[in-house]
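Readers should treat all values here as calculations from the given coordinates under stated rules, not as data from a laboratory. What you are looking at is a predicted structure, and each value in this text was computed from that prediction instead of being measured. Don't worry about glycine lacking a Cβ; one is built from the backbone with ideal geometry, like all the others, and counts go over all protein chains shown.
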Amino acid sequence: MAWKQNELTEMLNISSPIFQAPMAGGITTPELISETSNCGGLGNLGAGYMSSEEIREAIKQIRRLTDKPFGVNLFIPNEREDHVDKKELTAMIDYLLQYGKELGVEIPVSTQVKNYKSLYENQIEEILREKVPVVSFTFGIPDKAVMTELRKQGSIMIGTATNVKEAVELEESGVDIIVAQGSEAGGHRGTFHKEETGLIGSIALIPQVADAVRTPVVAAGGIMDARGITAAMALGAKGVQLGTAFLTCKESGAAEIYKQTLLNSTEEQTTFTKAFSGKLARGISNRFIQEMADQTTKPFPLQNDLTTSIRRKAAMLNQKDFMSLWAGQGVRMVKETTVKQLMKELILGK
């Protein structure tokens, strides 16, 4: 196909402009990442919540499995309100305790909020030590000092935009590639301005971003097969990023109940929610999302930390009503497959 080789593949030294999305939370195993890269695409580690030690071990395993380029994705820490209303926080904790009790969680709600700024700084240090070939960022733009150090060691930098304004700001910052994330995408919105400005569908977003910047654009959101790739390229993208399509691969770290839920879900079952993390994300609707709809969630990452124990226990019990089942609107098209087979179908269009 004509889209197999272009400036993006040349820049990244890959044979096909197909990115496996960097999904945080244990989904992107070294096997998933390395197999994507071995098949000619770009595998990506979702390291947003990982400690520097965990990143180091994951990179070690990835490099043991592939000598091809791969990427690591980090979350830009946003300034959270220092003074969260204690009465509102107590009310949220009390509300969540009912779910913890139902699931039999020993410590239902963790109020030990991580220092995400410190976590991010340690992650950057590890990325620099490991000389990671590709580094991507979500929820913002890294500061100039970080970008300078990454550029010195030859890392290619990728930013995430959900509207033209964000894309232009990313280009001005000096990133090498921009991922344009349409509203169809599963998981968290990469928006770093007002949330309501980041809900543009891919078919409208991709050409407007491609027209506004000279930086190569990678399309994300709703792309599940070769038809989606062809459409994205026609709209001006130089590459594509798929997340949901990789979730049901054998190599994915998604829990079996999560995979089975995706395999039996349809596009109208996805919804936007802040219930689990405090940041807008698209996933399969369930009881927790529905019952939390009338609650005022705490800002990210506080809400994410408050619900961690509940989500982990739910996964252990195969209780999908309390799990964050992130998925894009193309979920009806997921298959039980392997990375090798999926990549073959994406590249050959079969």
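For the pair region 1-41 / region 180-250, the C-alpha centres are spaced 15 Å from each other.
Here the peptides 152-163, 217-228 are ranked by packing, the mean other Cβ count within 10 Å, and the order with the highest first is 217-228, 152-163. For a straight C-alpha distance cut-off of 26 angstrom, the lysines reachable from LYS165 (same-chain residues fewer than eight places away being disregarded) are LYS117, LYS144, LYS194, LYS238, LYS274, LYS279. Helical content of the chain, expressed as a calculated mean residue ellipticity at 222 nm, amounts to -12000 deg cm²/dmol (DSSP H runs of 4 or more residues, -39,500 (n - 2.57) each, divided by residue number, nearest 500). Summarising the amide proton neighbourhood of HIS188: residues at separation of 5 or more, or on other chains, whose placed amide H is nearer than 5 Å comprise ARG282.
Computed over the chain with a Gaussian network model linking Cα atoms closer than 10 Å, the most mobile of LYS87, LYS320, LYS298 is LYS87. Scalar couplings 3J(HN,Hα) for region 292-304, obtained by applying the Karplus form with A = 6.51, B = -1.76, C = 1.60 to θ = phi - 60°, are 7, 4, 8, 9, 8, 6, 7, x, 5, x, 4, 4, 4 Hz; x denotes Gly and Pro.
Taking a ≥ b ≥ c as the square roots of the Cα gyration tensor eigenvalues, region 104-225 comes out oblate, since a/c reaches at least 1.5 and a/b does not exceed b/c.
Counted over region 194-338, the DSSP beta bridges are approximately 55% antiparallel.
Per-residue extension of 0.36 nm, minus the Cα-Cα distance of ALA234 and GLU57, leaves a gain of 59.8 nm for this segment. Each Lys or Arg adds one and each Asp or Glu subtracts one; over the other residues with Cβ under 10 Å from the Cβ of SER277, this totals +3. Here is the P(r) of region 168-288: all C-alpha pair distances, binned every 5 Å from 0, give 2, 10, 19, 21, 20, 14, 9, 4, 1 in whole percents. Here the Karplus relation 6.51 cos²θ - 1.76 cosθ + 1.60, evaluated at θ = phi - 60°, turns the backbone of region 40-48 into coupling constants of x, x, 10, x, 9, 8, x, 9, x Hz, with x for every Gly and Pro.
At full extension, ALA91 and ALA204 could sit 36.6 nm farther apart than now, given 0.36 nm per residue minus the alpha carbon distance.
Summing charges over neighbours of ARG64, with a neighbour being any other residue whose Cβ is under 12 Å away from its Cβ, gives -1 when K and R count +1 and D and E count -1. Each Cα pair under 8 Å and six or more residues apart adds its separation to the average, and for region 249-346 the resulting relative contact order is 39 percent.
Put simply, the amide H of ALA47, placed in the peptide plane, has neighbours under 5 Å in ASN73, leaving out anything fewer than 5 places away on its chain. Averaging the sequence gap over all C-alpha pairs within less than 8 Å and six or more residues apart, then dividing by the number of residues, gives the chain a relative contact order of 18 percent. In the chain, excluding the sites themselves, the longest stretch lacking any of the GluC sites (Glu not before Pro) that are in a DSSP loop with at most 16 other Cβ atoms within 10 Å is 107-335. Taking a point 7 Å out from the Cα of GLN290 in the direction of its Cβ, the residues of region 307-322 whose backbone N falls within less than 13 Å of it are 321-322. Which one is right for this structure if log10 I(q)/I(0) by the Debye sum over Cα atoms at q = 0.08, 0.10, 0.13 Å⁻¹ is calculated from it: (i) -0.35, -0.56, -0.99; (ii) -0.59, -0.77, -1.02; (iii) -0.43, -0.64, -0.99? Computing log10 I(q)/I(0) by the Debye sum over Cα atoms at q = 0.08, 0.10, 0.13 Å⁻¹ and matching it to (i) -0.35, -0.56, -0.99; (ii) -0.59, -0.77, -1.02; (iii) -0.43, -0.64, -0.99 gives (i).
Rounded, prolate or oblate: which one fits region 133-178, using the alpha carbon gyration tensor with axes a ≥ b ≥ c (rounded when a/c is under 1.5, else prolate when a/b beats b/c, else oblate)? Here region 133-178 falls in the prolate category.
The antiparallel fraction among DSSP beta bridges confined to the chain stands at about 20%.
Three principal axis extents of region 6-69 based on alpha-carbon atoms, in descending order, are 35, 21, 16 Å.
Just grab the label-to-label distance for SER118 and PHE272, each label 7 Å out from Cα along the Cβ direction, in nm (one decimal). Calculated label separation equals 3.4 nm. Report the one residue of MET316, GLN295, HIS193 whose Cα lies farthest in the direction of the positive end of the charge dipole of region 191-325 (charges on C-beta: Lys and Arg +1, Asp and Glu -1; origin at the Cα centre). Of the candidates, MET316 comes out farthest on the positive side.
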